[in-house]
Amino acid sequence: MNRQYKARIYVTLRPSVLDPAGVAVESGIGQLGIANVKQVRIGKYIELMLTAADENQASEQLDRICDQLLANPVIENYQFDLDEVQVQLGVST
């Protein structure tokens, strides 16, 4: 029986990669008069639902999706959280 999972995926630039968007945001924060914020990094956050036989299969599918589509493994790292979702069947009256 297949189960449904909710994935939360975080994609960030590798620490060695320059982050121009992060630099721009850090500068903007400084222009707001806030001087205690440093090393701003900008990334991507993705949520998706998937159906799989078990958590291991879901994790393997997510790893493939991230590695081949959502992240550029040359310059980006990714990690994800995976939670099983209880499907509630509707009751009709």
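Throughout, read-outs are computed from the coordinates displayed, never taken from laboratory work. Just so we're clear, the structure is a prediction, and the values are computed from it rather than from any experiment. For neighbour counting, all protein chains shown are included, and Cβ atoms are generated from backbone atoms with ideal geometry for every residue, glycine included.
Charge tally for D81 (other residues, Cβ to Cβ under 12 Å; Lys, Arg +1; Asp, Glu -1): -2.
Rounded to the nearest 20, the size of the Cβ-charge dipole of the chain about its Cα centre is 320 debye, with Lys and Arg at +1 and Asp and Glu at -1. Is the shape of the chain rounded, prolate or oblate, going by the alpha carbon gyration tensor and its root eigenvalues a ≥ b ≥ c, with a/c under 1.5 for rounded and a/b larger than b/c for prolate? Oblate is the answer for the chain, as a/c is 1.5 or above yet b/c matches or exceeds a/b. Dipole orientation for the chain: of the candidates Y78, T12, L50, T12 has the Cα lying most toward the positive pole (charges on Cβ; Lys, Arg +1; Asp, Glu -1).
On full extension, the segment bounded by E76 and S59 gains 4.2 nm, given 0.36 nm per residue less the C-alpha separation. Treating the angle as unsigned and between 0 and 90°, give the value, to the nearest 10°, between the Cα long axis of helix 20-31 and the longest Cα principal axis of the chain. Here the helix axis deviates by roughly 60 degrees. List the residues of the stretch 6-33 whose backbone N lies under 14 Å from a point placed 7 Å from the Cα of I42 along the Cα-to-Cβ direction. Residues passing the 14 Å test: 12-13, 18-29.
Ranked by the mean number of other Cβ atoms within 10 Å of their residues, highest first, the peptides 57-70, 35-48, 11-24 fall in the order 57-70, 11-24, 35-48. Given contacts defined as C-alpha pairs under 8 Å and at least six residues apart, what's the relative contact order of the chain, whole-number percent? Reported relative contact order: 49 percent. Net charge around V25, counting only other residues with Cβ within less than 15 Å of its Cβ (Lys, Arg = +1; Asp, Glu = -1)? Neighbour charge sum, excluding V25 itself: +1. Computed from backbone phi with θ = phi - 60° and the Karplus coefficients 6.51, -1.76 and 1.60, the 3J(HN,Hα) list for the stretch 72-79 is 9, x, 6, 10, 10, 9, 9, 8 Hz; x is used for glycine and proline.
For the pair the stretch 33-51 / the stretch 1-21, the C-alpha centres are spaced 10 Å from each other.
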